[in-house]
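Data first, discussion second: the structure below is written as structure tokens.
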Amino acid sequence: MTATIAAAVESRIEVKKSVFLGLLAPVKTVAEADAIITARRKEHYSARHHCTALIVADTQRSSDDGEPGGSAGLPMLTVLRHHELTDVLAIVTRYFGGTLLGVGGLIRAYSDAVAAAIAAATLLTYRSAIRATIVAGYDRAPAFEHLLRTWADSSAATVEAVDYAAAVTFTVLLPTPALPSLQTLLAPHPEITLLSTEATGTWTP
């Protein structure tokens, strides 16, 4: 299962007077993530560290930003991987409280800040889908539309559009496993054409 988050969320934990502010943001590109990191640094300019972890498509990246090697960025990235998240940026900003936490303490604190943000987020799950284009003549369209909408209601599909031009074109978004069912629906109606199918996907809560 692959998931992402619906909107940016924040978290706050405190360990021995050090404050860890977590930010989890949905991103589509590395450039977008870098812009958010830059803005976060400006917002919390007096903080000592801004550690990051990023997963976007095939890119995975992390930074300890001055913390001991392997104590911040990689643990944060591990939490993202554990939750099978993609297209997401995690930033944990640390305000030092005067007490050294040790590598183990830092690993727990940075991991916990990301985990707390994930717990507060609305997760979206990616499901493969197909966008189908179906063409019918005007004489068949009204009855077929009723049939199609009834099928869609029982198949987790959506009739996205009905366009009236030289013929009537129906655009339907359906789960990939429902394609054989749609083809079965159309089989008794040779005058109605499944013009095209396009693989796509949807993010759903």
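The values are calculated or read from the model by the stated rules, or taken from the named source; none is laboratory data. Given the structure is predicted, the values throughout are model-derived calculations rather than measurements. With ideal geometry, Cβ positions are generated from the backbone for all residues, glycine too; neighbour counts draw on all protein chains shown.
Residue pairs whose Cβ atoms lie under 8 Å apart, sitting 6 or more positions apart in sequence or on different chains, and linking a residue in region 19-37 that is surrounded by 14 or more Cβ atoms within 10 Å (Cβ to Cβ) to a partner that is in a loop (DSSP other than H, G, I, E, B) and of a type in the set (D, E, K, R), are PRO26/ASP87; VAL27/ASP87.
Enumerate the pairs (first residue in region 85-113 and of a type outside the set (A, V, I, L, M); second residue anywhere and part of a helix (DSSP H, G or I)) with beta-carbon separation below 7 Å, excluding pairs fewer than 6 apart on the same chain, so at least 6 apart or on different chains. If the second residue must be part of a helix (DSSP H, G or I), the pairs left are THR93/ARG40; TYR110/PRO75; TYR110/MET76; SER111/PRO75; SER111/MET76; SER111/VAL79. Residue check: TYR126 meets all listed conditions (1) assigned to a strand (DSSP E or B); (2) under 30 Å from VAL27 (Cα atoms); (3) out of contact with any Ser or Thr (no Cβ under 6 Å at 6 or more places or on another chain) but one, namely (3).
When every residue of region 71-84 is checked against the conditions, none turns out to be touching a Ser or Thr at 6+ places or on another chain (Cβ under 9 Å), part of a strand (DSSP E or B) and crowded, with 21+ Cβ neighbours inside 10 Å. The residue of region 65-76 that is farthest from the chain's Cα centre (by Cα), among those that are under 14 Å from ALA113 (Cβ atoms) and of a type outside the set (A, V, I, L, M, F, W, C), is GLU67. Applying the criterion of being of a type in the set (S, T, N, Q) and in contact with a Phe, Trp or Tyr (Cβ under 9 Å, 6 or more places away or on another chain) to the residues of region 171-205, the residue that is surrounded by the fewest Cβ atoms within 10 Å (Cβ to Cβ) is THR204.
Note on region 38-62: residues that are touching a helix residue (DSSP H, G or I) at 6+ places or on another chain (Cβ under 7 Å) and either more than 15 Å from VAL79 (Cβ to Cβ) or exposed (fewer than 14 other Cβ atoms within 10 Å of the Cβ) (or both) total 4. Residue check: is THR93 among the polar types (S, T, N, Q) and surrounded by fewer than 18 Cβ atoms within 10 Å (Cβ to Cβ)? For THR93, the condition - among the polar types (S, T, N, Q) and surrounded by fewer than 18 Cβ atoms within 10 Å (Cβ to Cβ) - is not met.
Residues considered: VAL135, VAL103, VAL92. Of these, the only one that is in the same structural domain as GLU10 (by TED's automatic domain parsing), modelled with pLDDT of 95 or more and either within 16 Å of the chain's Cα centre (by Cα) or not in a helix (DSSP H, G or I) (or both) is VAL92. Among the residues of region 171-195, those that are among the β-branched types (Val, Ile, Thr) and within 21 Å of SER128 (Cβ to Cβ) comprise THR171, VAL172, THR176, THR184. Applying a threshold of 6 Å to beta carbon distances and a minimum spacing of six or more residues, or different chains, the list of pairs starting in region 41-67 at a residue that is among the basic types (Lys, Arg) and ending at one that is buried (at least 21 other Cβ atoms within 10 Å of the Cβ) reads ARG41/HIS50; ARG48/ARG94; ARG61/LEU54.
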